[in-house]
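In what follows, a single structure is set out as structure tokens and then discussed.
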Amino acid sequence: MKLIWETRDLELLKAAVESANDAIIITDTQLSSPGPKIIYVNPAFTRMTGYTYDETIGKTPRILQGKRTSRELLNRLRYDLTTKREFFGETFNYRKDGTEYTVEWRITPVYALADLEQKTVKFWVAIQRDVTERRKTEEELREADRKKDEFLATLAHELRNPLAPIRSGIQFLNKQELPEPVMKTLAMMNRQTKHIIHLVDDLLDVSRITRGKIELRQENIDFRTVIKSVVDAQKSTLQDSSREINISLPDEPASIRADQTRVFQIVSNLVNNSLKYSENNLPIDISLARHNNGFLFQIKDYGIGIRSEMLNEIFNMFSQAKDVLHRAQGGLGIGLTIVKQLVEMHGGSVWAESEGEDKGSIFYVWLPAIFEDISESGENNNDSESSASDNGKYKILVVDDIVDGAEMIKIFLESEGFNVACSFDGRSALSVLDQFQPDAVLMDIGMPGLNGYETNNLIKQRSRWKDLPIFALTGFSNGETVERLRNEGFAGHFIKPADLEHITSTLKNFLEKREDI
Ligand code: ADP
């Protein structure tokens, strides 16, 4: 440490302090009321606060404090100074003209150079920086981020509406006898539409997750069943049907308490990635085994692999290990973010392993086990192959303001033998009831004029129709919506773009059971 100071050094120091852009304030060490007195301020202090040197000397730093200066921070400051500690904090201060600014503030004890043991504090030196702009920018960024999330949610939601009739139209055409090239084109359109729906659903999910709007509908399920159905679903969409997917599952049920749809989504995302990021001629190995009071799902591919520094990073939002130009397959880089969030919401964990580029990857998902019997769900009994002629006796009223959507459902249900009428708003739905006498209603929720909830209420108020089963058609599937639909007496709901086969079998099963009672 330099002990002997020459005049030149002092000149240097003075110039530095006077030219600094941070406000520098030196006070004495008087801690009892009214507090330390200011004995020096540099020109930057005047620029920041509006107080001149002469107006400040002899005053206490309280001249800068006001309504929104944090009391808690001042208490901590007092404590730090009393115990000869350095203080650092951020709060609001006030300029001479009363305007507010955010200050980042560091106070350091100053000892005499000869006081090597630092026994007696001679002064306190405070360095203050106006960070108002920085904080404002940060707040603007946060606001922009919030707006982006809202925009993504709206975008995804809006994209779902036009997708619904497109998907229904393709499903309908698929059922017709058409020449080979048309069927091939349809198959391609079907694959691409599914791909868009998948992306839109991911977008919607990720925006819901970031806004904390996902709720799990947990039930006792068999993890094996979900894995099997994901693999079946994937196989049916594979362009190359010879693609080898090896599965090894335990013989005993793998009972977990989970939201079946979400577990499907988790497994589906991982299977999809393994297929996407490895060559078509290479297999995928899937296994499930008991592990630490839970079940460990493992999926291994022999594809492009992942560099070690990316193994954690890929689970972050919009993170993709290769740059976009290298990627043959589209994606938004949010699939794994959703997987991670969903797994964690189930009390589980997910991680990846890879020995590096072109060495393949293994993804693991561990979910906690339950030990009760599984009875409610598990395998889906698939007795719903509808024979079209049976349905002729059932009348369905479809209410949807999107005319294409309603018409497409009508065409499809009619091809399945149902007797169908459409209304394009709530009022006209109310007026056709007595005339058409439906056995069930498919009701869009978001409609101008009377929305689906209001129309449902008005229908139920009529004693003749109070038990009419009304199924909601909705773009929203969050817990709040489902809860509200249930409370308002809807018989069930279908998420848009709805799967028409699913609607058909649900309506058929529901109406047949009702007849049995
Ligand atoms: P997307 O596939 O849409 O890009 P994901 O969130 O599903 O988004 O994956 C993020 C990134 O992780 C991918 O872009 C890819 O770089 C990497 N990745 C995911 N799965 C695999 C895999 N099985 N093999 C190699 N890389 C993978």
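The values are calculated or read from the model by the stated rules, or taken from the named source; none is laboratory data. From a predicted model like this one, the values you see are computed outputs, not experimental measurements. Positions of Cβ are backbone-derived with ideal geometry, glycine not excepted, and every protein chain shown enters the neighbour counts.
Structure summary
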read-out	value
Qualifying residue in the stretch 451-469 (condition: aliphatic (A, V, I, L, M) and under 31 Å from the mean Cα position of the chain (by Cα))	no
Test: residue in the stretch 338-358 that is assigned to a helix (DSSP H, G or I), in contact (Cβ under 8 Å) with a residue 24 or more places away in the chain, near the ligand (Cβ under 10 Å from one of its atoms) and of a type in the set (A, V, I, L, M)	yes
Candidate set: the stretch 500-514, residues that are under 30 Å from the mean Cα position of the chain (by Cα), in contact (Cβ under 8 Å) with a residue 24 or more places away in the chain and surrounded by fewer than 20 Cβ atoms within 10 Å (Cβ to Cβ); chosen: the one nearest to residue 198 (Cα to Cα)	501
Strands (runs of 3 or more DSSP E) within the stretch 204-293 that include 1 or more residues within 16 Å of the ligand (Cβ to nearest atom)	245-248, 284-291
Sole exception among (1) surrounded by 15 or more Cβ atoms within 10 Å (Cβ to Cβ); (2) at pLDDT 95 or above; (3) closer than 30 Å to residue 5 by Cβ; (4) of a type outside the set (A, V, I, L, M, F, W, C) for residue 29, by number	(2)
Filter result for residue 307 (closer than 28 Å to residue 152 by Cβ and not polar (S, T, N, Q))	no
Only listed residue being crowded, with 16+ Cβ neighbours inside 10 Å, farther than 17 Å from residue 335 by Cα and not small (Gly, Ala, Ser), chosen from 288, 282	288
Some residue of the stretch 453-467 being aliphatic (A, V, I, L, M) and in contact (Cβ under 8 Å) with a residue 60 or more places away in the chain	no
Qualifying residue in the stretch 327-334 (condition: more than 24 Å from the chain's Cα centre (by Cα) and either more than 9 Å from the ligand (Cβ to nearest atom) or modelled with pLDDT of 90 or more (or both))	yes
Residue count for the stretch 200-229, restricted to those that are surrounded by fewer than 18 Cβ atoms within 10 Å (Cβ to Cβ), touching a residue at least 12 places away in the same chain (Cβ under 8 Å) and under 9 Å from the mean Cα position of the chain (by Cα)	2
Meets criteria (assigned to a loop (DSSP other than H, G, I, E, B), closer than 22 Å to residue 202 by Cβ and among the hydrophobic types (A, V, I, L, M, F, W, C)) for residue 306	yes
Within the stretch 359-393, considering residues that are at pLDDT 90 or above and assigned to a loop (DSSP other than H, G, I, E, B), the one surrounded by the fewest Cβ atoms within 10 Å (Cβ to Cβ)	359
